[in-house]
Amino acid sequence: MMDHMDASNLKHPTTDLVDRQSHKALLLGMVPITIRQAGEPAARRFIEFFTANIRNPNTRQAYARAVSHFFSWCEQRSIALYEVEPMLVASYIEQHPGSAPSKKQALAAIRMLFDWLVVGQVLPMNPASSVRGPKYVTKHGKTSVLEGDQARQLLDSLDTHSIAGLRDRALIGVMVYSFARVSAVVGMNVGDYYQNGKRWWFRFHEKGGKVHEVPAHSRAIEYLDAYLAAAGIGDQTHSPLFRAITRQRTIGTTRPHRTDVFQMIKRRVKRAGLPASTCCHTFRATGITVFLQNGGTVEKAQQIAGHESPRTTKLYDRTHDTIAFGEVERIVI
């Protein structure tokens, strides 16, 4: 039984003829038994779904985990691939232990995979296409948000006499002053911080291959310039902008993973005495909230954040929280 597929190993196949067979064998070992029993075309199509169809590594990992759990569930019940029907998919989603968003993501992964199998003529129809997921509508984001003075407290608490402190201040500064996702920030090269006319800009490579450019805030410029001067990498335009710190507490050559940034933030927040719920996404929500509190519009915040819909931007807006808290005190009994 395949309990869990290691999606981090689902890289794009090498073109090296020497390694091709061993690479194929490695990938086949990750294919669920239910798929393998359906024959080589099904197994090949399954591998192609992750290696050729899904470009974003985070999506690839999440979808691999979702379909792995689904086919493990099918295997436990001796259900063959060709026996999967809409009612069975609906039953799986119904008993799924996750939250409503997790169930919706699982259904999306299963539906996309079966679509891929249908297009590849492995199956005649998609058994998940008619299955409806749980209703989930939210008008208020759950991401932890810092007050403006709390964000300032965190930035001021960083030791700027060390390269680690300078890097962390610049990294957090870029996130909070540009509303950027952590994955987009750690994915920046030195050349993605560039001058256009009299202004400095950030270039972010977002999900789906989208490139998003934002003017750099003066504070973010200050933090980045100090970090680049100390790191001595300002002329290395095609190399990583933010780099991992070595065991010798010097600047390395590789990018930190977003989980490394998450752990760094947790350490920094704890030392600064700020809420333990603070995470990477906190700075995106904090920046948007402070921007709106100071007269910015949702439309402009949407443009800076690179959101497709203003409804997404509004999920990060906590400007009405204090109003709500004050209003309840009107209930005088």
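All but one of (1) more than 18 Å from residue 89 (Cβ to Cβ); (2) of a type outside the set (D, E, K, R); (3) modelled with pLDDT under 95 hold for residue 172; which doesn't?
Here residue 172 clears every test but (3).
When you go through 225, 159, 192, 149 one by one, which is the residue that is touching a residue at least 12 places away in the same chain (Cβ under 8 Å) and of a type in the set (D, E, K, R)?
On the way: 225 fails: touching a residue at least 12 places away in the same chain (Cβ under 8 Å); 159 fails: touching a residue at least 12 places away in the same chain (Cβ under 8 Å); 149 fails: touching a residue at least 12 places away in the same chain (Cβ under 8 Å).
Every option except 192 fails the conditions.
Just the residues that are polar (S, T, N, Q) and closer than 15 Å to residue 279 by Cβ, please, taken from segment 230-268. So that I can check it myself, show each step before the final result.
Quick first cut of segment 230-268, residues polar (S, T, N, Q) only: 236-237, 239, 246, 248, 250, 253-254, 259, 263.
Listed by number, the residues that qualify are 259, 263.
Could you identify the single residue in 132, 152, 65, 111 that is assigned by TED's automatic domain parsing to the domain that holds residue 285 and under 27 Å from the mean Cα position of the chain (by Cα)? Spell out the reasoning first.
On the way: 132 fails: assigned by TED's automatic domain parsing to the domain that holds residue 285; 65 fails: assigned by TED's automatic domain parsing to the domain that holds residue 285; 111 fails: assigned by TED's automatic domain parsing to the domain that holds residue 285.
Every option except 152 fails the conditions.
Can you report the number of residues in segment 72-120 which are over 22 Å from residue 60 (Cα atoms), of a type in the set (S, T, N, Q) and without any contact (Cβ under 8 Å) to a residue 60 or more places away in the chain?
Qualifying residue count for the region: 3.
Out of segment 166-205, which residues are out of contact with any Gly (no Cβ under 6 Å at 6 or more places or on another chain) and in a loop (DSSP other than H, G, I, E, B)?
Of everything in segment 166-205, those that are out of contact with any Gly (no Cβ under 6 Å at 6 or more places or on another chain) and in a loop (DSSP other than H, G, I, E, B) turn out to be 180, 181, 187, 188, 197, 198.
Go through segment 204-223 and give me each residue that's touching a His at 6+ places or on another chain (Cβ under 8 Å) and either modelled with pLDDT of 95 or more or among the aromatic types (Phe, Trp, Tyr) (or both).
Once the filter is applied, which keeps residues that are touching a His at 6+ places or on another chain (Cβ under 8 Å) and either modelled with pLDDT of 95 or more or among the aromatic types (Phe, Trp, Tyr) (or both), segment 204-223 yields only 204.
All but one of (1) in contact with a helix residue (DSSP H, G or I) (Cβ under 6 Å, 6 or more places away or on another chain); (2) among the aliphatic types (A, V, I, L, M); (3) surrounded by fewer than 18 Cβ atoms within 10 Å (Cβ to Cβ) hold for residue 154; state the number of the condition that does not hold.
Of everything listed in (1) in contact with a helix residue (DSSP H, G or I) (Cβ under 6 Å, 6 or more places away or on another chain); (2) among the aliphatic types (A, V, I, L, M); (3) surrounded by fewer than 18 Cβ atoms within 10 Å (Cβ to Cβ), residue 154 misses just condition (3).
The values are calculated or read from the model by the stated rules, or taken from the named source; none is laboratory data. Note that this is a predicted model, so its numbers are computed, not measured. Ideal geometry is used to build each Cβ from the backbone, glycine not excepted, and the neighbour counts take in all protein chains shown.
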